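The values are calculated or read from the model by the stated rules, or taken from the named source; none is laboratory data. This one's a predicted model, so the numbers in the text were calculated from it and none came from an experiment. Here the Cβ is made from the backbone with ideal geometry for all residues, glycine too, and neighbour counts use every protein chain on show. Surface areas here come from the heavy atoms of the whole protein model, side chains and all, with no ligands, DNA or RNA. Shrake-Rupley method; radii C 1.70, N 1.55, O 1.52, S 1.80 Å.
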Amino acid sequence: MAHKNIGKRYQWFVSLLMLSWLFLPISAQAASIEPFLGEYHGETIEHAEGELQARDLDVKIVKADRGFIVDWTTVIHKSDGREKTASLNIEFYGTDRPDIYGSAMRSGLFGKRVPNDPLKGEPFFWARIVDRTLTIHALYITDDGGYEMQVYERKLDDEGNMELIFKRFRNGEPIRDVTGKLLRQEKKGY
């Protein structure tokens, strides 16, 4: 009789343990940013309307409290000798979806960094990591209610350098594509 009670208790314990797994919160782990950390410098070539334009690029990827920060600067060399500089600094944080990171670009009401609001004309960014490629998406809602999408694919090669493919779309139609190579600079403790 005691043997049967032990068996029933054991079955009850195993059933309870298995049932408890159903109620544990599942937290997705995003892919690691570690291989991408560092500074990169290089050039790109823009393929727009039959013209080739050079751009200088600097990209820095560092760890942050909630994830990582991507800081990049682009210098566009115009055919008339002028230069145009654009810079972005975006904090990305892990989400409940594996390999997808949300963005925080501005300070909210209480000082915490929060995502932009695309309905106010601000770009909405998110990132994902698949294998050795960090892709950053930017969604803009245009004044006429359409949209513009920018996609930055940054792929690491075997030497740790970065290959860039940038594509820009308006209402689904491609309007720009840029390719380039960025060399990893000396490590400085990221």
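Points worth noting:
- 1.4 Å probe accessible area per residue over the range 55-190, in Å²: 59
- Structural descriptor for the range 36-190: relative contact order 20 percent, calculated from alpha carbon pairs under 8 angstrom and at least 6 residues apart.
- Residue order for Met105, Met162 - accessible surface, 1.4 angstrom probe, largest first: Met105, Met162
- Ordered by solvent-accessible area of protein heavy atoms (1.4 Å probe), largest first, the residues Asp157, Asp56, Asp96 come out as Asp96, Asp56, Asp157.
- Greater than 22 Å apart at Cα, pairs in Lys84/Lys181; Lys78/Lys181; Lys78/Lys155: Lys78/Lys155
- Here r is the Cβ-Cβ distance between Glu163 and Lys112 and R0 is 25 Å; the resulting FRET efficiency, rounded to 0.05, is 0.15.
- For a label point 7 Å along the Cα-to-beta-carbon line of Ala64, residues of the range 92-108 with backbone N under 14 Å: 92-95, 101-108
- Accessible area of the range 61-102 belonging to carbon and sulfur atoms, whole % at 1.4 Å probe: 45
- Förster radius 45 Å - calculated FRET efficiency between Arg97 and Val75, Cβ distance, rounded to 0.05: 0.85
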